[in-house]
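Following: one structure in structure tokens, then a few remarks.
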Amino acid sequence: MIKSNCNRLFLGLPALLVLACAVTTAVSVRVQKPAAIDLPGVKTIAIADFTGPEGSGSQVATLVQSKLMESRYFDIIERDKLNRILDEQNLGMSGIVDENTAVQVGRLLGVDALIFGEVSVYDVEPDERGVEKVERKVGTGKYEWVEEKNIFTGKKKKVKREIMKTTLVDQHYRIRRGTVAVNFRVVGVESGRLLAAHSDSKSYNSGKVVEGSWKTLKPEGDILHELSNQICLKFTRLIAPYYAEEKRVIEPGKGMVMAGVKYAQNGLWEEALEIWSEAARQNPQDPVALYDMGLAYEVLGRLDEAEDAYKRSVALKQKQLYMESIARVRKAREEQQRLKDQMLERE
């Protein structure tokens, strides 16, 4: 049955695909990763405004909440409810600055943990201005007759052209720099303990932007938002599972192996696996078919079968790509188990 299906898939491809010389192909695959920090017993959380200059604390809290909601890992209390509790306690959103206050508010909200912190740096420096000497071609006001060839007709003719000279001119430029630094804290409401703490900073440097050129300086607000977004994304990935795009390399081959490549490139990994498995059955000494078969197993989450296929390919050819794949799939198995444990903890 497998053979007939593979033949059908194989014969349905253009002959050009089968005969053409192929190159190694990198494809993107979506992989779910576990949180780096385990928060046992934490299912419901609230996020308070962080302290910080120029409204940065509120922006960071909003970014954290948005990204955690995308993960769908925690139940998140609405900010309006948090605001009401804080008003009733005469704390205000900036009042949560230590573990004791966080525990008090968290218990009133009925959450398992509360996230808060401070934005310690939120700044775009005044632009650095400079002048540098650069070489430019400038006209001399003098002309000469030169012979010019028409690239289409091949005919030559005399044309009058200005004589140019190289000179040094002043070129004005500006450099814009920005920095955001944030401290995060996660406090368990029941225990009153600090469950997680993380500090991070990101900087931006525009490099030299020549005045009057096509390149323009990024607005200050965009710089601060992008840096804050990067920092908040990293933090949320520490405490909640997430999806990441990773690159995988498909090995080119001949005949049926190349046929399977086309299916994999279009995300049809089940069909690609069927073809590569048949190719490996027909030619068990082909390391490429075995490697690609292992890759399909890996993408489909069948990690034990992936490692077995990778090992068989390495036994035939000790290629760095094949050996790295064995190490990667072993790490993926550990991450898969940790992710499973974290998901069970949420139930």
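What the table shows:
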{"quantity": "Estimated FRET transfer efficiency when R0 is 30 angstrom, pair residue 233-residue 174 (beta carbons, to 0.05)", "calculated": "0.55"}
{"quantity": "Spatially proximal lysines relative to residue 317 (Cα-Cα < 25 Å; intrachain offsets below 8 disregarded)", "calculated": "247, 254, 262, 331"}
{"quantity": "Rounded, prolate or oblate (a/c below 1.5 giving rounded, otherwise prolate when a/b exceeds b/c) for the chain by Cα gyration tensor", "calculated": "oblate"}
{"quantity": "Rounded to whole Å, sorted largest first: equivalent-ellipsoid semi-axes of segment 128-175, Cα gyration tensor", "calculated": "36, 14, 6"}
{"quantity": "Given charges at Cβ of Lys, Arg, Asp, Glu: the chain dipole, positive-most of 73, 337, 164", "calculated": "164"}
{"quantity": "Cα-based Rg and Dmax for segment 144-271, where Dmax is the largest Cα-Cα distance (Å)", "calculated": "29.1, 90"}
{"quantity": "Nearest-20 debye value, segment 128-175 charge dipole, Cβ charges on Lys, Arg, Asp, Glu", "calculated": "380"}
{"quantity": "Over the chain: helical MRE at 222 nm, DSSP H runs n ≥ 4 each giving -39500 (n - 2.57), nearest 500", "calculated": "-14000 deg cm²/dmol"}
{"quantity": "Options 306, 265, 290, ranked by Cα towards positive dipole end of segment 250-347, top entry (Cβ charges)", "calculated": "290"}
{"quantity": "Gained length - residue 245 relative to residue 99, 0.36 nm times residue gap less alpha-carbon distance", "calculated": "49.0 nm"}
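Any read-out appearing in this document is the output of simple, stated calculations on the displayed coordinates, not a laboratory observation. Quantities reported herein were computed from a predicted structural model and do not represent experimental measurements. All Cβ positions, glycine included, derive from the backbone under ideal geometry; neighbour counts span all protein chains shown.
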